[in-house]
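Below you'll find the structure, written out as structure tokens, and then a few comments.
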Amino acid sequence: MDRFRLLCNIGELNHLFRESASIENFLQRITVLVTEHMKSDVCSIYLYDEDSGYLVMRATEGLNPDAIDHVRMKLGDGLTGKSLKELKPICVSRASKDPDFKVFIGCGEEQFENFLAIPILRGIERIGVLVLQRKKRRRFIESDVMACKAVASQLANIVENARFLMTIHTPQSDHTQQVSESWGKADLDFVRGKAASEGFAYSQSYILDKEKTFASLLNRKFERLHNIEEFDEAVTTTGEQLQDLQDQVEEKLSDAASLIFASHLMILKDKEFVGVMRSMIENGCNGPDAIIRVSKQYIDTFSASSNHYIREKVQDVEDLAVRLISNLAGEREGLEGYGGHIVIAREIFPSDLLRMSSENVKGIVLVSGGVTSHLSILARSLQIPMVIANRLELTGVAYGTNILVDADSGNVYVDPAEDVVESFRQRHLAREKVADEVAAVETNTKDGTHVNLLANINLLNDLKLAARFHSQGVGLYRTEFPFIIRSDFPSEEEQYVTYRKLIEAMVDKPVTFRTLDIGGDKVLSYYHDAHEQNPTMGMRSIRFSLENKDVFRKQLRAILRAGIGADLRIMFPMISSVDEFIDAREVVRQCSETLASEGIEHNDSPLIGIMAELPSVAEIADDLAREADFFSIGTNDFVQFALGVDRTNENVESYYVPHNPAILRAFARIVSGAVENHIPVSVCGDMAHKEKYIPFLLGIGVDTLSVDPAFTPRVQRCIGELDMDKVREMTVKVLKSSTIKEAAKILGIG
Ligand code: PEP
Ligand code: MG
């Protein structure tokens, strides 16, 4: 090994270690040495803690020293995490453009575009990563990689030795305590999660542990006695607050929110509820105790019910009790609503999300779930920034702690420094401006090929953005959302009113209604009583509609009536066979016939298509295309079912690989089936807004993409940079790849 490749000899390293006051100090001195030796601007050392699964920056020369112990990432995250996970050096010259690059705001690394990460290994044991960064124009070359590898291999032993020596020389208990304290604290300063609904939010935390909030009331001593007038006033105030919330939510989400606070209001009006509390107070019981005792009786009764819907009401009673006591006792901490806060929760339901939206929650951190789940989709519609971070400890942060949610990258900062907050604010403002500027009326590739850019609509609320970004129609209206948060199936009339609003907002543009797609992670509390072992593959989607023809007919009648005079399209979710499609289409025909016989105006010639989201469709694409008027590829479910990976399970997220050649080829076959039979084909799953996949989708012949309206400017920009000849050439190559790796390379992923 030549002398340039060695950092210094082993004796010098040991000397350095002996002179260092601590491992931290030693590591710090190493980074200084490596920076000089490698003529680098930055050198950072990350150490890997196998127990927590995190790589933590332990020393840096060149970056903000405050980042030490605070910048942390899971194995596989960012270029650094990827280097250790894949046990290979990563060398890039435009780091910020790399899809794996994760910027850590506040550490000052933005100016260093040349990036080199070398894993520090001892045998097969992962010890950490050595990261070097240089400014523009000073790329790392092969000899740098070699030299750095040598340095890393030297460090592996000495770092292990250093740890070992430190352990012997430091009294065990002190050391353990010191280490675990510092790790524990740093651990929660920054948490890397996944972006579920983009945006930025900074506010105080509200820990949503419904049971805990109510349970804490049970153990609380309320000293002051309240008189009956005070109690009555608290009841009136609570009723008014709930009514206000209800009004707000109806205004904001007319299609979905009609009954959110209805059961609260109803219980409040129940004489047995308030009446019993009143007489207890009149007999000398203190107000909060009376509220708790009566509420507890309701909760016990509801919890014992075999009906899922009644059991869900437990939450409403708990929520109501908390609101009543808050108004009576005037105590706010822990009893406030979510309003203006960042909610940190273990689990939330779609109805919770709507409630949170109505109370203007700033952001959400969910400690379980997957980003393509419907909760994430709904959060996007409600424009609530949401991060899914698989870290239960987050629910332990104190109420009122400042939290920054960077839901663009999926990061959560606990009690961040003001400069970090400020830099996010600036970035966010800048992004909003860009979004405004680039939303063009037409979407074309660089060489002038037109692409139809439609909107995915979940709630009517999404129409504002769709209009602002000139969506050319609705490629997917997820009709199930208004169904999910109610207590009963909406009537034909209620559906008609909602659907008509959608049609009127999209005059002369295509509007595609997807019929009810419930089941899986979209459960109707009033229907899904029967426990299913595997609801994702259970009585769901078109199966549900065909099994429950009354519900199906009501929906179809509402759609046909609302679609009068419109470019109306109806599509069925989760079609698995030609037979199923023909059966479903026949129900549409019958509904149209009945409406005609009743003399009711309606659209009698909608286009009727299918969502391609089951692998079986690829096999029979040709046959289906001869029957259907159009296809729309639902990539979210297609990937889930083709690869057998639950889209809502964060533990198997790394297996959810849309660029598996099996998936890419299946899509190509589906599109060929459509093109050969002269029917339109679009893509409406999440792949349609992913920049790495858009060229491929256009390359196989898709000319229509339907995306959440918020993604429109970005998708437009991506398409504007494409040259169709090159795209087609690339697509031919991708379709020939047999491994995920090859496909990823051609698509520029990873
Ligand atoms: C899909 O599966 O890709 C899709 C668009 O439908 P959803 O996400 O509503 O299941
Ligand atoms: Mg789907």
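The values are calculated or read from the model by the stated rules, or taken from the named source; none is laboratory data. Note that the coordinates shown come from a computational prediction; the quantities given were computed from them, not determined experimentally. Backbone-built Cβ (ideal geometry, glycine too); neighbour counts: all protein chains shown. Side chains are part of the model used for accessible areas, which takes the heavy atoms of the whole protein and leaves out ligands, DNA and RNA. Shrake-Rupley method; radii C 1.70, N 1.55, O 1.52, S 1.80 Å.
The table below lists the values:
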quantity	calculated
Rounded to 5, the percent of DSSP beta bridges in segment 444-747 classed as antiparallel	5
Calculated FRET value between Leu75 and Val732, using beta carbons and R₀ = 41 Å, to 0.05	0.70
Scattering curve values for the chain, log₁₀ I(q)/I(0), Debye with Cα scatterers, q = 0.06, 0.08, 0.11 Å⁻¹	-0.44, -0.76, -1.24
Over segment 190-415, relative contact order from alpha-carbon pairs under 8 Å, at least 6 apart, %	40
Restraint check, Lys271/Lys554; Lys136/Lys733; Lys194/Lys362; Lys362/Lys446; Lys194/Lys733, Cα-Cα greater than 28 Å	Lys271/Lys554; Lys136/Lys733; Lys362/Lys446; Lys194/Lys733
Length-normalised contact order of segment 614-727 in % [C-alpha pairs under 8 Å, at least 6 apart]	27
Accessible area of segment 553-705 belonging to carbon and sulfur atoms, whole % at 1.4 Å probe	46
Options Gln241, Ser597, Gln111, ranked by Cα towards positive dipole end of the chain, top entry (Cβ charges)	Gln111
Potential lengthening between Ala505 and Arg137 on full extension [0.36 nm per residue; Cα-Cα distance subtracted]	127.4 nm
DSSP-defined beta bridges in the chain - what % are antiparallel, rounded to 5	55
FRET efficiency estimate (nearest 0.05) - Cβ-Cβ, Arg589 to Asp66, R0 56 angstrom	0.25
Accessible area per residue, Å², the chain with all protein chains present, probe 1.4 Å	43
Reachable aspartates and glutamates, given that their alpha-carbon falls under 14 Å from the alpha-carbon of Lys74 and they are not under 8 places away in the same chain	Asp49, Glu50, Asp51, Glu86, Asp100, Asp187, Glu650, Glu653
FRET E, pair Lys271, Asp244, Förster distance 35 Å, beta-carbon r, rounded to 0.05	0.90
Full-stretch length increase - Glu233, Lys692 - with 0.36 nm per residue and alpha-carbon distance subtracted	159.4 nm
Summed side-chain charge close to Thr31 - residues other than Thr31 whose Cβ falls under 13 Å, Lys, Arg +1, Asp, Glu -1	-2
Cα-based reach from Lys509 at 15 Å (exclusive), listing aspartates and glutamates while leaving out same-chain residues under 8 positions away	Glu442, Asp567
Dipole magnitude of the chain, debye to nearest 20 (Cβ charges: Lys/Arg +1, Asp/Glu -1, about Cα centre)	2400
Per-bin percent of Cα-Cα distances, segment 662-728 [5 Å]	3, 18, 29, 25, 17, 7, 1
Nitroxide proxy distance, nm - points 7 Å out along Cα→Cβ at Glu393 and Asp49	0.6
Distance (nanometres) between label positions extended 7 Å along Cα→Cβ at Ile582 and Asp723	4.9
Net +/- balance of residues flanking Arg137 in space, Cβ distance below 12 Å, scoring K and R +1, D and E -1	+4
The chain, relative contact order in percent, only Cα pairs under 8 angstrom and at least six apart counted	10
Under 29 Å from Lys269, Cα to Cα: lysines that are on another chain or at least 8 residues apart	Lys210, Lys212, Lys221, Lys252, Lys296, Lys313
Over the chain: helical MRE at 222 nm, DSSP H runs n ≥ 4 each giving -39500 (n - 2.57), nearest 500	-14500 deg cm²/dmol
